[in-house]
Amino acid sequence: MSATPQKPTVTEREARQVAEAAREQDWRKPSFAKELFLGRFRLDLIHPHPLPAAEDTLRGEEFLAKLRDFCETKIDSARIEREARIPDETITGLKELGALGMKIDTKYGGLGLTQVYYNKALALVGSVNPALGALLSAHQSIGVPQPLKLFGTQEQRDTFLPRCARTDISAFLLTEPDVGSDPARLATTAVRDGDDYILDGVKLWTTNGVVADLLVVMARVPKSEEGKGGITAFVVEAASEGVTVENRNAFMGLRGLENGVTRFHRVRVPAANRIGPEGAGLKIALTTLNTGRLSLPAMCAGAGKWCLKIAREWTSVREQWGKPVAFHEAVGSKISFIAATTFALEAVLDLSSQMADENRNDIRIEAALAKLYGSEMACLMADELVQIRGGRGFETAASLAARGERAVPAEQVLRDLRINRIFEGSTEIMHLLIAREAVDAHLSVAGDLIDPDKSLSEKAKAGANAGVFYAKWLPKLVAGAGQLPRSYSEFHHDVDLSTHLRYVERNARKLARSTFYAMSRWQGRMETKQGFLGRIVDIGAELFAMSAACVRAELLRTQGDHGREAYQLADAFCRQSRIRVEELFGRLWNNTDDVDRKVVKGVLSGTYTWLEEGVLDPSGDGPWIADATPGASTRENVHRPIR
């Protein structure tokens, strides 16, 4: 029978252990980004740029043509923004087009697109309205199809994938009102009862949850004779008795997003709907996100393309002081940033996606870097577009149209993009996740040295292993190809990109040396140095983006497809990126982290409350975190499946 769920009380160490247990522990395939953080510039892993198979390209282009026509003729983005809802007929049309099954194999009724073309489709749809891109992405990247593809039984695939390919929308439910990036405190429970589990709990920010037919739900299973328990994944029918969508949430952007609060009260879920064994839920979620995260940078790259188009068109007709504003340096530098960064984002996205399709490399770090870098840079590009547009950038598209001007939704794009720095792992969490993977090799050989639970003999053994590893590794960080003037000469044409690749190689070694020095200095306290770790990751992201930009430029040159222009854009991006890298390296050791911690303690202790005087707080009443006590729902069910 179902027990009353109690929110687990866990220590910081226990929370870290839960997260660590969910990680993929092994590196069975090479990883360009992992090697980069270790100071090894493995250009051979990404160059020559991998290419899709001809039949994949043909199938992908055929679908993109149909999707483009649908987007141009059947989607009213202004209506979605005005009504804060995607019309049912729009979603029905996407279903009929097969858009729900872009990533689902053809044998289950899907389109069987590659990751590359799935991302191109998301970029296209997202450029029309990002809420539509979010709906399709949440359904396929993290909803039911991907976990079942990776971990489901054949029976589960046969049962659910045909539905997901054509008719049923799915959602992924992990977050709770008081549980975000710390799943060790997960309170939703699933208690075994014969051939079923009884599900109780409340889930927050359930993207697609308002309209979903199928849900992937993460719940804590108590240990029992039938299983080891732990956080476990289930496929749940959204129409099941006891499932209530209690609220459709509204946000500053993505106003068409069907995101809600879902309550489960004694919901009976067949054991056959459990994905993987008990306790595998977090590993399933993290593994799903390895490629699932690529959907966000896809839409970010698409947003960059749109920002560039608007910036080009507007600054060529808007004149100030006798010439188009594009030719004023203060505006021109912004246009250059948008153009160069858009080129780099698409390079990072296509490279990561093609590597995912080929499955030759482990891309968990590359996908995470693409998500982190894409979400941050897209926000900057949208912000610069608003600045370029001036007062018109701050004005809504509806207001512009009402007074007779082109309805350019620049402010909407800025609002819509902002969530990407939070979705599927906030920037801060992505920094920690990537940093953990980046130092994995060090922890593998020296982790026991800083683990307080290890015995002296275990520490001694770890010390010996570390000595062997570092004796081989450290000398390789002294010199490399980046110091040879003719290295990477195949990238030297009308524009010389070889100098940028040499820069990447030198600074990959510098990055690795900096990481080693920090581990030697802080040892067990390294994990608390989040500012330092974030800068390490940001440097790695810039170096990865520079590498991808150069490799893409060379690919386009060899294909005769805007090669000269691609080299110019890659060169501009790398020069801009190098300035950011130099600043980040300087801030590794020259920063305000220590004084910031002191100020934070003062703020929380009330030392500075006098600084808050002189204003009024317009916030309403109510608790900071809503009550999520399990039990029957007392609210109207706003679930509305679309048929």
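The values are calculated or read from the model by the stated rules, or taken from the named source; none is laboratory data. All of these numbers come straight from a predicted model, not from anything done at the bench. Glycine gets a Cβ as well: all are built from the backbone with ideal geometry, and neighbour counts include every protein chain shown. Ligands, DNA and RNA are stripped out before the accessible areas are found, and what is left, the full protein with its side chains, is counted by its heavy atoms. Shrake-Rupley method; radii C 1.70, N 1.55, O 1.52, S 1.80 Å.
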(request) Take the Cα gyration tensor of the range 52-192, multiply each eigenvalue by 5, square-root it, and list the three semi-axes largest first, rounded to whole angstrom. (result) 27, 21, 13
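Dipole magnitude of the range 208-331 about its Cα centre, charges +1 at Lys/Arg Cβ and -1 at Asp/Glu Cβ only, in debye to the nearest 20? Could the numbers behind the result be given before it?
Details: 16 positive and 11 negative charges, 52 e Å.
Here the size comes out at about 240 debye.
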(message) Let me cross-check K228: its accessible surface, 1.4 Å probe, with only protein heavy atoms counted, in Å² to the nearest 10?
(response) 140
(request) Give a residue-ordered list of calculated ³J(HN,Hα) values for the range 514-530 (Karplus: 6.51 cos²θ - 1.76 cosθ + 1.60, θ = phi - 60°; whole Hz; x for Gly, Pro). (result) 5, 5, 4, 4, 5, 5, 5, 6, 9, 6, x, 7, 4, 5, 8, 8, 5
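Which percent of the accessible area of the range 301-359 is formed by carbon and sulfur heavy atoms (probe 1.4 angstrom)?
Details: 1410 of 2560 Å².
C and S atoms contribute 55 percent here.
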(request) Would you calculate the volume per residue, in Å³, of the smallest convex hull containing every Cα atom of the range 500-544? (result) 53
(message) List the lysines whose Cα sits under 24 Å from the Cα of K598, skipping any in the same chain fewer than 8 residues away.
(response) K529
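Once neighbouring chains are kept in place and the probe is 1.4 Å, which whole percent of the accessible area of the range 410-471 is contributed by carbon and sulfur? Intermediate results must be reported in sequence, preceding the final value.
Values: 1800 of 2860 Å².
Roughly 63 percent, rounded to a whole number.
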(request) With r as the distance between the Cβ atoms of R575 and S399 and R0 = 45 Å, compute the FRET efficiency 1/(1 + (r/R0)^6) and round to 0.05. (result) 0.75
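Per residue, what volume in Å³ does the convex hull of the Cα atoms of the range 68-131 enclose? Mind showing how you got there, number by number?
Working: hull volume 5.0 nm³, N = 64.
Convex hull of Cα atoms, per residue: 78 Å³.
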(request) Enumerate the calculated ³J(HN,Hα) couplings along the range 258-267 in order (Karplus 6.51 cos²θ - 1.76 cosθ + 1.60, θ = phi - 60°), each rounded to whole Hz, writing x wherever the residue is Gly or Pro. (result) 8, 10, x, 10, 10, 10, 10, 10, 6, 7
(message) Over all directions, how big on average is the projection of the convex hull of the alpha-carbon atoms in the range 224-286, in square nanometres?
(response) 5.9
(request) Take every Cα-Cα pair in the range 148-234 and report what % of them are more than 22 Å apart. (result) 34
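Arranged from highest to lowest average of other beta-carbon atoms within 10 Å per residue, in what order do the peptides 152-161, 255-264, 366-375, 565-574 appear? Show your work: numbers first, answer last.
Working: 152-161: 16.3, 255-264: 24.7, 366-375: 28.5, 565-574: 22.1.
Averaged packing, sorted descending, gives the order 366-375, 255-264, 565-574, 152-161.
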(message) Could you report the range 512-643's accessible area per residue, 1.4 Å probe, as an integer in Å²?
(response) 62
(request) Could you work out the relative contact order of the chain, using alpha carbon pairs under 8 angstrom and six or more residues apart, expressed as a whole percent? (result) 17
(request) Could you rank the peptides 555-561, 540-546 by their average count of other C-beta atoms within 10 Å per residue, with the highest value first? (result) 540-546, 555-561
(request) Just order 308-318, 48-58, 607-617 by mean Cβ neighbour count inside 10 Å, highest at the front, would you? (result) 308-318, 48-58, 607-617
(request) For K323, list the lysines whose Cα falls under 23 Å from its own Cα; do not include residues on the same chain fewer than 8 positions away. (result) K309, K334
(request) Would you list which lysines come within 23 Å of K228, measuring only between C-alpha atoms, while excluding same-chain residues fewer than 8 positions from it? (result) K7, K283
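Using the Cα atoms of the range 458-519 to build a convex hull, what is its mean projected area in square nanometres? Each step should come with its number before you reach the end.
Values: hull surface 19.9 nm².
Over every viewing direction, the Cα hull of the range 458-519 projects on average to 5.0 nm².
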(message) Tell me the volume per residue, in Å³, of the convex hull enclosing the alpha carbons of the range 364-409.
(response) 66
(request) With a 1.4 Å probe and every protein chain left in place, work out the accessible area per residue of the range 355-455 in Å², rounded to a whole number. (result) 40
(request) Could you tell me the largest-minus-smallest coordinate of the C-alpha atoms of the range 260-372 on each of the three principal axes, in descending order and whole angstroms? (result) 72, 40, 17
(message) Quick check: Cα centre of the range 563-595 to Cα centre of the range 390-465, how many Å?
(response) 18
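Only helical DSSP H runs with n ≥ 4 go in: add -39500 (n - 2.57) per run for the chain, normalise by residue count and round the 222 nm mean residue ellipticity to 500 deg cm²/dmol.
-17000 deg cm²/dmol
So what are the range 312-368's ellipsoid semi-axes, whole angstrom, largest first, if each one is the square root of 5 times an eigenvalue of the alpha-carbon gyration tensor?
Working: eigenvalues 300, 17, 6 Å².
With the √(5λ) rule applied to the range 312-368, the semi-axes are 39, 9, 6 Å.
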(message) To the nearest 20 Debye, how big is the dipole of the chain about its Cα centre, given +1 on the beta carbon of each Lys and Arg and -1 on that of each Asp and Glu?
(response) 1160
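Looking at the chain, I'd like the Rg to Rh ratio, where Rg is from alpha-carbon atoms and Rh is Kirkwood's inverse mean 1/r. Walk me through the intermediate numbers first.
Values: Rg = 25.4 Å, Rh = 26.3 Å.
The Rg/Rh ratio comes out at 0.96.
Which number do you get for Rg(Cα) / (2.2 N^0.38 Å) in the range 509-643?
Details: Rg = 24.9 Å, N = 135, 2.2 N^0.38 = 14.2 Å.
Cα Rg divided by the expected 2.2 N^0.38 Å: 1.75.
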(message) Considering all projection directions equally, how large on average is the shadow of the alpha-carbon convex hull of the range 128-280, in square nanometres?
(response) 9.0
(request) Using a 1.4 Å probe over the heavy atoms of the protein chains, calculate the carbon and sulfur portion of the accessible area of the range 525-643 as a whole percent. (result) 53
